[in-house]
Amino acid sequence: MTLTVAAVQLCQASRNTETSLRKALSYIEVAAQAGAQLVVLPELFRTGYLFESYEDALPFAEPCHGNTFCSVLGVAKRLQVTVVYGYMELEEDTGLLYNSASVVDESGLVANYRKLHLFSADTTWATVGDQLPPTFEVAGVSATVAICADIEFPESFILPSADKRPAVICLPTAWVDEPAPASQWWLRAKEMNCYVVAADLSGVEKDVRYSGGSCVISDTGTVVDIVSECEGLALAAIEPRSTQIKVSHQDLSPKLFLAPYDFTSNILRDRIPSPISPPGYRAIGCFSFPTNMEWQGTTPIESISSVTLAHIDQDSSDRSTAPELLVIAIGPLPSIDQKGQSGIELEFQKEAEKLISSSTYSDVVIVFPAPNQTDQRPQYVHAGRNATRFTKEGTIELLEPYLKIKVITVDELCTWEPARLFALEGGHMIVAIGKESPDFSSQPRPAHLCDPYCSDGYPHDLSVGRVRAGENNLIVLVATSLATNEVSSQSGVFGPDHTRVPLQEHSLYMSNEVLAFHRYILEPGSNDLVCLSEKPYLRRRKPTVYATALGPKSYYRYGPKQ
């Protein structure tokens, strides 16, 4: 079944509501004439996005069935299209304001959704929604609507439709401060096996730059069409797969949706394990070594050691900020058998001890592949003063000072659940090692859309590691192999602060880099320490809302009784 969709990009005209409405209605008309059956407009497309307070926003709010609804309904009836648009909703009975999106077709209002996961700029005026994104049908195709930051929370898209996941996510957004399409849009389309129709603002509002890049992304992660100008349409005839990947919430751990970061109830908090322990190290150095083409047929242990020491000497002239803990991730090695594995482990142990004696590090952890490069969990060695504990689930715990590291394969990183569960259990760092996952290989963004951001230090590639680090407030190291030198690698070091501009990371390209390195200074009050220990991103989750879809039995077990 084919469905023609369109994403409208508007250059924001802050608070110039009539001009913005006229432009939007005009683009709906153009899209319908081009065959669009579903048209998506940006978040808060009439008003702009940035408001300092409730009082500042109130004059621009309207009821669900207000002027915007009436205007869009007239066009939808005349053109026989379905329109999704973002607006500032005033709930007349309470006076509360919501960042909302309505779905309107020729019959009237199909759904009205209030943003569930507010971004920081929303919190100055908006009230949090209390329902999951709705599902609806357009020409027989199942769709849902999410608003901007909602796309960062996969829980929202598993729960509403466990039996048949929506084939299309409509995303009104006002994405800022990085090139678009964002890694989150791309990854969510791939892992949810659905299309994403993202309609963004462009231009500058109060010194904040909107990302633009409105687009249609396929269920394989391909950008089918994209807006390259300030304003315009991304239009595509899409064919959602007839057999969607069916994932029931019953197949997943309830902890993914409920525990522990819902602090709205003392009862729920009392049922959560002990508070998260902050990392005990003052500074952490992280190296990612992908498989280097120059290493053909040899084990790169000595190369790793010499490069690491050279970089340490160059980067740690200030001994007060020199990393206390060094974590090294090594990509797939030449095939070795079980007998050879013990020898490799011994060699890495010697190198770890050598690094301890040759630097200011108090602890060194080296993570390397399992024998024969199978899907077995990677191995590790440790040298230093700290005691360690390794669980069968692949968790390394450094005890005093404390740090919790999860060792997984690259394939495990490509699904959202392992990283999320580890973060909810109080983890600090993930090390992912394995062959490059072809379905999730990093992809370049359109170059012309990245140009305005080059000076900000943003990488041009779409990356799984970047998303997993940000959406879980974790440090993520990825070390993979690649068949060629022309393709971007998933390898890199990715930081835990998803709000940082530019992102704190060193993404790696096989064509011109040997390694990725980053140092995290975890002084009291630093953003990295806050992210690793307090998990501010996870605090935006809404377990009490997710629980309504899980059913009462799970909620009785993990939360307060109803």
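The values are calculated or read from the model by the stated rules, or taken from the named source; none is laboratory data. Small disclaimer: the values here were computed from a predicted structure and weren't measured. Cβ coordinates were reconstructed from backbone atoms using ideal geometry, including for glycine residues, and neighbour counts include every protein chain displayed. Heavy atoms of the whole protein, side chains included, go into the accessibility calculation; ligands, DNA and RNA do not. Shrake-Rupley method; radii C 1.70, N 1.55, O 1.52, S 1.80 Å.
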Counting only residues that are assigned to a strand (DSSP E or B) and in contact with a helix residue (DSSP H, G or I) (Cβ under 8 Å, 6 or more places away or on another chain), how many does segment 98-120 have? 6
Condition met for Leu116 (under 17 Å from Ala199 (Cβ atoms), assigned by the TED database to the domain that holds Ser228 and open to solvent by less than 20 Å² (accessible area, probe 1.4 Å)): no
Within segment 124-160, track down each residue that is more than 20 Å from Glu178 (Cβ to Cβ) and β-branched (Val, Ile, Thr). Thr124, Thr127, Val128, Thr135, Val138, Val141, Thr144, Val145, Ile158
Of all residues making up segment 22-46, the number that are open to solvent by 10 Å² or more (accessible area, probe 1.4 Å) and free of Cβ contacts under 8 Å to residues at least 60 places away in the same chain: 7
Being more than 19 Å from Thr220 (Cα to Cα) and in a helix (DSSP H, G or I) is the requirement here; does Asp130 meet it? no
Can you tell me which residue among Glu62, Glu43, Glu55 is under 26 Å from Ile238 (Cα atoms) and modelled with pLDDT of 95 or more? Glu43
So, in segment 328-350, exactly how many residues are at pLDDT 85 or above and of a type outside the set (A, V, I, L, M, F, W, C)? 2
Of the conditions (1) open to solvent by less than 40 Å² (accessible area, probe 1.4 Å); (2) within 22 Å of Ala167 (Cα to Cα), the single one that Cys64 does not satisfy is (2)
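Conditions (1) farther than 26 Å from Ile158 by Cβ; (2) at pLDDT 80 or above; (3) open to solvent by 10 Å² or more (accessible area, probe 1.4 Å), marked per residue:
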{"position": "Ile430", "(1), (2), (3)": "no, yes, no"}
{"position": "Asp439", "(1), (2), (3)": "no, no, yes"}
{"position": "Leu449", "(1), (2), (3)": "yes, no, yes"}
{"position": "His460", "(1), (2), (3)": "yes, no, yes"}
{"position": "Ser491", "(1), (2), (3)": "yes, yes, no"}
{"position": "Met510", "(1), (2), (3)": "yes, no, yes"}
{"position": "His518", "(1), (2), (3)": "yes, yes, yes"}
Right, Gly95: part of a loop (DSSP other than H, G, I, E, B) and either free of Cβ contacts under 8 Å to residues at least 12 places away in the same chain or not assigned by the TED database to the domain that holds Leu21 (or both) or not? yes
Any chance you could count how many residues in segment 101-113 are open to solvent by less than 20 Å² (accessible area, probe 1.4 Å) and either under 14 Å from Val168 (Cβ atoms) or touching a residue at least 40 places away in the same chain (Cβ under 8 Å) (or both)? 3
For residues that are of a type outside the set (D, E, K, R) and either in contact (Cβ under 8 Å) with a residue 60 or more places away in the chain or touching a Gly at 6+ places or on another chain (Cβ under 8 Å) (or both), scanning just segment 130-141, find the one that is surrounded by the most Cβ atoms within 10 Å (Cβ to Cβ). Leu132
Select from segment 174-192 the residues that are in contact with a Lys or Arg (Cβ under 8 Å, 6 or more places away or on another chain) and either polar (S, T, N, Q) or part of a strand (DSSP E or B) (or both) and list them in ascending order. Val176, Ser183
Boolean, Arg385 is without any contact (Cβ under 8 Å) to a residue 60 or more places away in the chain, surrounded by fewer than 21 Cβ atoms within 10 Å (Cβ to Cβ), closer than 28 Å to Leu252 by Cα and among the charged types (D, E, K, R): no
Determine the pairs where a residue that is not assigned by the TED database to the domain that holds Ser277, located within segment 520-534, has a partner that is in a loop (DSSP other than H, G, I, E, B) and open to solvent by less than 70 Å² (accessible area, probe 1.4 Å) with Cβ atoms under 6 Å apart, the partner being 6 or more residues away or on another chain. none
Looking only at segment 377-434, which residues are hydrophobic (A, V, I, L, M, F, W, C) and assigned to a helix (DSSP H, G or I)? Val410, Leu413, Trp416, Ala419, Leu421, Phe422, Ala423, Leu424
Taking segment 193-218 on its own, how many of its residues are assigned to a loop (DSSP other than H, G, I, E, B) and farther than 15 Å from Leu462 by Cβ? 8
